[in-house]
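All remarks here apply to the structure that follows.
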Amino acid sequence: MEYNVTIEEENKEIANRYKDLLKGTYEVLSKEDKELIRKAFDIALDAHSKQRRKTGEPYIFHPIAVAKIVAMEIGLGATSIAAALLHDVVEDTDYTIDDMEQLFGETIARIVNGLTKISRLNKAQDASIQAENFRKMLLTLHDDVRVILIKIADRLHNMQTMDAMPAHKQVKIASETLYIYAPLAHRLGLYNIKTELEDLGLKYTEPEVFKDIVTKIKESKEEQQKYLETFANTLKQGLDQEQFKYDIKGRFKSIYSIRRKMRNQNVTFDEVYDKFAIRIIFTPTSKDEKFDAWKIYSIVTDYFKPNPSRLRDWISQPKSTGYEALHITVVGPDAQWVEVQIRSERMNEIAEKGYAAHFKYKQGNSNESGLEAWLNRLKESLENQSLNAVDFVEEFKLNLYSKEIYVFTPKGDLKSLPKDASALDFAFSIHTDVGLKCRGAKVNGKLVPLSHTLKSGDQIEVITSSTNKPNARWLDFVITARAKTKIRAALKDEEKQIAEEGKAILMRKLRHLKINFNDKIVNELVVYFKLRTSFDLFFRFGNGAIDNTQLKAFVSQRNSTFLNFFKTKLRRNNTSSKEIIDTEEVTHKYDALVFGKEEEKLDYKLSKCCNPIPGDKVFGFLTINEGIKVHKKNCPNAISLQSNYAYRIMQAKWIDSTKQDFKVILHISGVDNKGIVNNVTGIISSSNDVFIHSINITGDEGVFDGKISVSVKNSSQLSKLIKSIQKVDGVKKIERVNSL
């Protein structure tokens, strides 16, 4: 549609939109607030006066629209409204951040600067660069969360007005929106914005599907209205009798959520069973809203049969976003499942506005600075900057959409954790030190392993030990960003310590072999042992993965004239040697494949259909004639194998065995002296980084025989352990075996 209006009409429209913005603010604006917003508007109008949008409209329409979303739908105050009006000024015009600071002060300048940094990053196409941009955007949470709230408003308006853009840009922007902006809006309690972002995202990523669902929803509009009237009329009598003031609204589930159900459950539009939701919004009749909500619940269930497994009580324990409501699913008229949401007017406002309303009610006004404490959990997701950008964003997203469970501390305090959190996640949620020293937990009075998955209502007591250390295996079962970040940091610190010790050991050993310790010899050792860095080399000397024999083998090769001849040749052909090391870089990061929970090393073959390489996410498949075949998790045959032969699937993963514990079973026998088991277990317990998994020893007329399963770091640590046990009085034989 062509944009064609006179300058007078345009100016009139700008003035009307500005008045509309002031009329629709969520907060009551003071005289000073209005002056601040007017000043921001005047500067934005002047700065963008020569710019047009792709539609031909004046550019100022966009900042006004973003400010209106910020004011009405997110419910922020004058500072944020002014920053929203100015959000593109530094990016697109001659104004600088210094100008903003002089004109509006430090806070608005900081917010505009944060928004400008984000805008400059949006041009990249490459996935990892794009992820890096998202990381930078998310890190602005540490500076001022209003940056992200205004960015969400900016993205919403861009999505609402994207028709004039070329198709490839529409798909790119819509995909980004579904990938990060909708989950962010969800986590910040902006449910209306999240729904609109998802629906608009679907409109451009799957236009045919979107149109089809919209058409079907329109066709059933009349039917929907009749259904709502029938439902409301049935309840009216009961609600009126209890003298409730209420409003009953009906709505279709969002287009995006209907599409998700159609895809996940492989059903048609007509087969999605709970497309319809009904909301009862009541004015409290007493001071106790909770009492009123349950009273309405009992009225609804008097008329319609509830599904007990679908009751969600977000009033007794609100979501961490501040959301409160009672959700029940009932069998409505014509035997249709209907979700009924019961909310007070206050709860409804919080559900619509997210955190702004939450703080208005909590503190008597919408105190934006109070958001800091409320967002601490979200900020924890940003602590782990050591991850590569793609993993960082993926991990962050997991934390955005995770459903919550509620568990109790031994004192009866309630804590919220993401669904599927482990006992170890709980320990880290109490305190970092509690997590790092955690060696077990009691759940509802029973001793459980750290990997135990918690359920809502569990009471957990953490068992700690001052000698306990974090373990790389912990990363396999913790799911919270906090726990993962702290474990990785602790493992890194331990690795650094081991590497420092390893460096000292290597210097000592080289001195003994009459070889000078310098960068040249270190580089030769790195290449010889097919490692990537000097850190890897020192680490392996520190934990005993490289022993004296291997070092002597290197020295004898180095002294050989044959090798020197080749080294000269390799120097001449510098490029080819670099290529050799580079191609091995990925492969040598992972030097072993382990199977099952026990992480055993078994014989296997790599499948030809997907050609997995070290580092890929894989699984083992037990064939009838060819033993274990290893497939990539995204192998074309994976879904078929996992659904038809689930009993033959084995967990598998690539590891760097020098950084990973591995389990061994020792067969031990001898003369049954008094206290022999104590002596043996005492030696194992006093060995650093050796853990006992199980002991099975039996005595019979003066002799004993049994097996002990332990975790060790490497073969040299194992041989030292075996030598120590052999010295115990009474032990006659000790050897490594394959199974218990």
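Coordinate-derived values only; no laboratory data. Everything numeric here is computed off the predicted structure, so don't read it as measured data. Because the Cβ atoms are built from the backbone with ideal geometry, glycine has one as well, and the counts that use them run over all protein chains shown.
For the residue pairs K39/K353; K23/K275; K597/K732, the C-alpha atoms sit more than 29 angstrom apart in K23/K275; K597/K732.
In order along segment 148-161, the Karplus-derived 3J(HN,Hα) couplings, from 6.51 cos²θ - 1.76 cosθ + 1.60 at θ = phi - 60°, round to 6, 4, 5, 5, 5, 4, 4, 5, 4, 5, 4, 5, 5, 10 Hz, and Gly and Pro are given as x. The phi torsions of segment 307-316, fed into the Karplus equation with coefficients 6.51, -1.76 and 1.60 and a -60° offset, translate into couplings of 9, x, 6, 10, 7, 10, 9, 9, 9, 4 Hz, rounded to whole numbers, with Gly and Pro shown as x.
Comparing Cα centroids, segment 492-531 and segment 51-67 end up 62 angstrom apart. Peptides 468-477, 709-718 ranked from most to least packed by the mean count of surrounding Cβ atoms within 10 Å: 709-718, 468-477. Entry note, segment 607-677: relative contact order of 30 percent, from Cα contacts under 8 Å with a spacing of 6+ residues. Of the peptides 200-206, 496-502, 152-158, 432-438, the ranking by mean beta-carbon count within 10 Å, highest at the top, reads 152-158, 200-206, 432-438, 496-502. Placing a pseudo-label 7 Å from each Cα along the Cα-to-Cβ vector at N233 and H327 gives an inter-label distance of 3.0 nm. Cross-link pairs exceeding 22 Å between alpha carbons, from the set K194/K455; K484/K629; K629/K653; K253/K290; K520/K552: K194/K455; K484/K629; K253/K290. Shape class for segment 31-79, computed from the alpha carbon gyration tensor (a ≥ b ≥ c): oblate, with a/c not under 1.5 and a/b at or below b/c.
Taking segment 50-80 and a reference point 7 angstrom along Cα→Cβ of T6, the backbone N atoms nearer than 18 Å belong to 58. Kindly identify segment 417-461 as rounded, prolate or oblate by the Cα gyration tensor criterion: order the square roots of the eigenvalues as a ≥ b ≥ c, call it rounded if a/c is under 1.5, otherwise compare a/b with b/c, prolate if a/b is larger, else oblate. Taking the square roots of the gyration eigenvalues as a ≥ b ≥ c, segment 417-461 is oblate. According to the square roots a ≥ b ≥ c of the eigenvalues of the Cα gyration tensor, what is the shape class of segment 592-655, taking rounded for a/c under 1.5, prolate for a/b larger than b/c otherwise, and oblate for the remainder? The shape class here is rounded.
Amide H to amide H, with H built 1.01 Å from N, W337 comes under 5 Å of G332, counting only residues 5 or more places away or on other chains.
Could you compute the FRET efficiency for Q726 and K290, with r as their C-beta to C-beta distance and R0 at 60 Å, rounded to 0.05? Efficiency, from the Cβ-Cβ distance: 0.30. Summing +1 for each Lys or Arg and -1 for each Asp or Glu among the other residues whose beta-carbon sits under 14 angstrom from that of V671 gives -2. Please grab the % of Cα pairs in segment 7-190 that end up more than 20 Å from each other. Here the tail beyond 20 Å accounts for 53 percent of pairs.
Compared with the alpha-carbon gap, the fully stretched path from D476 to Q317 is longer by 54.3 nm at 0.36 nm per residue. Taking θ as phi - 60° and the Karplus parameters 6.51, -1.76 and 1.60, the scalar couplings of segment 423-431 work out to 4, 5, 4, 4, 4, 5, 5, 6, 6 Hz in sequence order, x denoting glycine and proline. Here each label is just a point 7 Å from Cα along the line to Cβ, and for T681 and T409 those points are 3.3 nm apart.
Only Cα sites of segment 1-74 enter the Debye sum here, all with the same form factor; the resulting log10 I(q)/I(0) across q = 0.21, 0.24, 0.27 1/Å is -0.97, -1.19, -1.38, listed in q order.
Where the only charges are on Cβ atoms (+1 Lys, Arg; -1 Asp, Glu), what is the dipole of segment 215-353 about its Cα centre, to the nearest 20 debye? Dipole size: approximately 580 debye.
The gain in end-to-end length when the N444 to K608 segment is fully stretched comes to 54.2 nm, 0.36 nm per residue minus the alpha carbon separation. Label H431 and S49 with points 7 Å out from Cα along Cα→Cβ: what is the distance between them in nm? Going by the 7 Å Cα→Cβ label model, 6.2 nm.
Between D247 and A646, full extension at 0.36 nm per residue minus the direct alpha carbon distance yields a gain of 138.6 nm.
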